[in-house]
Amino acid sequence: MSLVFLIILSSLLIMAPLAFLYIHFTNTTQHGRVPFSPILVIVLLSLAIGSIITIMVGKKILSPITIFSNAAKEIAKGNFEIELNESHRINEISEMAHHFNIMAQELRSIETLRNDFVVNVSHEFKTPIASIEGYATLLQDKTLTEEEHDEYTEMIIGSARQLSMLSGNILKISKLENQEVISEKKEYRLDEQLRQAILLLETLWEPKQMTLNIELEKVHYYGNEELMMQVWLNLLGNAIKFTQEGGEISVNLVPQQDYISIIISDNGIGMEKGVRKHIFEKFYQGDRARSGEGNGLGLSLVRRIINLCGGTIEVESEFGLGSTFTVKLPID
C-alpha cells in the first residue's frame, strides 16, 4: 500500500508543474472561470499512469512471492526435489531462496533416511520371521527324529532371540535419538565395569581360545552405568566376533588430564576404507556374509550414547590387520 501511495504521489508531483505551466501560459482563466477541465484531465492522467506503474511494479515484486508460494505447495505435496533460483537482484530474496533450498535438501535427506529405515527394518524382521515359520512348519512332521526336533527348536529359539534383540535395539536407539541429556547418572568404577563386560562375554571368547591383554587403571566415572555397559558389550562383542580363533584382543583404560581414554583393539579381519566410512550408520553391515550375526544397530547405538555423554569415538582399521576403537569420555 505504501508503494502504491508513493507511485501515485510521484505521478501527481510530476503532473502538477505541467498543470501550472498550462494554466499560466494559456488564457483559460478569462471571464473569471476556473479551469477545472484541464486540471481534472491531468489528475486522472496522473492516476492512470500511477496505476499502470503500480501494476507493473507489483507484478515484478510479487513474482518471486508467487514462485515461493508454488514451491511451498510442491513441498506440501511431498515433492522435495524442488529447487529455487538463488540469483536475484534483491539480496533478501536470494537469501530466502537459499534457505528454502537448504530446507528442501534436508527434507530430501530425511525422506531418504525414513525410506531406508523402513526397508531395512522390514528386511531385518522378515528374515527371522521366515525362519521361525519355516522351522515351525517342519516341526509338524510326526516322523522327525529327536535330533531333528531339537535342531529345529533351537533354530526357532535363535530366530526369536534375534527378533527380540532387533526390536530392543530399535526401541533403544529411537529413545536415545529423542533424548538430549543423559539421566540417572551416578559415580562408579569404570575399570570394574570393563572387567565385568569382559566376563559377561566369556562364553564368546573362551571357546575361540583368544588372548586378552587388559590394562585398566583405576578410574571413577560419573555417568549412566547401564548405557555405558551397552557401549562396552557392543565394542567388545564386535572385536570377538570378527577375530579369528586364537586371536588377540587388547583393552586399555587410561585417564588423561581432560578426558578418559578407552582403547579396544583386535588383530581380526579388519575393514576396508569403504566399509569403515559407514560402520556407524543404522543397519549398515559391511560383511553381508555374516549379516546373520547382527542387525547393524550396535555401533549406531554406541555412537549415540557416547555423543550424549559429550565424548567421541574413532576407529582405525585395515583389512586383514584388525581394528582399533578409541573412546574418549570427558571428565566432569
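No value in this document is a laboratory result; all are computed from the given coordinates. Keep in mind it's a predicted model, so treat the numbers as computed, not measured. Because the Cβ atoms are built from the backbone with ideal geometry, glycine has one as well, and the counts that use them run over all protein chains shown.
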Check: So which aspartates and glutamates can residue 73 reach, going by Cα to Cα under 18 Å and dropping same-chain residues fewer than 8 places off?
Finding: 81, 83, 106, 111
Checklist line | Estimated inter-spin distance, residue 98 and residue 147, nm [label 7 Å along Cα→Cβ] | finding: 7.3 nm
Next item on the list: State, to one decimal in nm, how far the label point of residue 314 lies from the label point of residue 130, with both points 7 Å from Cα in the Cβ direction.
Entry: 4.2 nm
Check: Quick one: if you stick a label point 7 Å off each Cα along the C-beta vector at residue 72 and residue 275, how many nm between them?
Finding: 4.9 nm
